[in-house]
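Heads up: the structure comes next, in structure tokens.
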There are 2 protein chains.
Amino acid sequence: METNDALDALSALSQETRLAVFRLLVRREPDGVAAGDLAKAIGVPANSMSVHLGVLSHAGLVTSERRSRSVIYRADLSRFRELMLFMLKDCCNGRAEICAPLIADLTPCCPTEDVVHV
Amino acid sequence: METNDALDALSALSQETRLAVFRLLVRREPDGVAAGDLAKAIGVPANSMSVHLGVLSHAGLVTSERRSRSVIYRADLSRFRELMLFMLKDCCNGRAEICAPLIADLTPCCPTEDVVHV
DNA sequence: TCCATAATTCATGAATAATTGAATTATAAG
DNA sequence: CTTATAATTCAATTATTCATGAATTATGGA
């Protein structure tokens with residue numbers, strides 16, 4: 001991920017409505033949510049929601065797919081992971097004071113097959 | 001970390017100059033960098049830099065300390081870690097598709113004492 | 001075809017953020 | 001005390017973003 005991509009993604013997520021939308025979509029993976037349902041759930045007009053979804057989409061954080069009259073939006077988890085890695089990359093180049101505690105905090109909730117506590 | 005704190009932090013980091021400043025400060029931990037040196041390094045006027053540093057400071061991402069005529073700025077790594085955890089928290093509540101690959105990507109560069117590969 | 005639903009685009013105004021010259025504050029040296 | 005350096009604050013302008021009523025596009029059913 002390039003710096004400009006990260007800036008676009010951070011900018012997209014730094015707005016109240018869009019952060020709420022993205023967090024909702026993460027929770028609704030992998031089904032996704034229709035644009036109109038998002039507007040109702042968050043409580044904003046449909047046209048406003050459409051603009052916000054366009055910003056998230058342009059930043060690569062969500063994907064969309066037309067399904068009959070609705071357009072289903074989904075969080076792009078791999079893109080989100082790329083953003084997190086971009087943000088953490090600097091600190092990992094040579095020092096562990098951020099990443100080590102972060103891993104320690106994350107590991108209990110997401111056990112993986114190749115990592116184990118001793 | 002509350003949603004509003006996360007929004008402030010994301011908003012602070014979603015601007016080109018401020019993201020560059022923060023990344024530089026992360027690399028310069030724990031020494032920190034004087035405000036004037038940051039302005040020169042990034043290539044913006046001192047008063048502009050001062051405003052940007054104020055935004056980062058208000059978001060809790062940097063701390064400052066006067067040292068003679070200079071003011072030394074430092075990245076607040078624990079605050080940054082809180083932001084990363086906030087962003088990752090939703091996905092970890094019940095699913096691992098983001099966190100597990102993220103941990104897998106981070107662990108090789110930041111080995112910790114209580115986690116080991118098997 | 002005609003109508004209803006879902007979503008987006010357009011146009012406008014309001015609010016917010018960014019930039020920068022000038023002035024101000026804080027510190028240290030002569 | 002005066003001067004120089006470092007940083008911030010102020011003020012004014014410019015640029016960007018946000019919100020929303022109205023219009024437009026796309027789809028499916030009667």
Based on a Kirkwood Rh over C-alpha pairs, give the Stokes-Einstein translational diffusion coefficient of chain B at 37 °C and viscosity 0.692 mPa s in µm²/s. 207 µm²/s
Before rounding to the nearest 500, sum -39500 (n - 2.57) across all DSSP H runs of length at least 4 in chain A and divide by the residue total; then give [θ] at 222 nm in deg cm²/dmol. -17500 deg cm²/dmol
Determine the principal axes of the Cα atoms in the protein assembly as shown, then give the extent along each, sorted from largest to smallest and rounded to whole angstroms. 66, 48, 28
B:MET1 to B:GLU97: extension gain in nm, 0.36 nm per residue of separation minus the Cα-Cα distance? 32.3 nm
Other-chain or far-sequence residues with amide H under 5 Å of A:ALA34's (modelled H): A:TYR73
Using Cα positions and a limit of under 23 Å, work out the lysines in reach of B:LYS89, with same-chain residues fewer than 8 apart set aside. A:LYS89
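Restricting to Cα pairs below 8 Å that are 6+ residues apart, what does the relative contact order work out to for chain B? Please round to a whole percent.
24 percent
Taken together, the values in this text are just the output of simple stated rules run on the coordinates, not laboratory data. As the structure is a computational prediction, the values presented were derived from the model and not from experiment.
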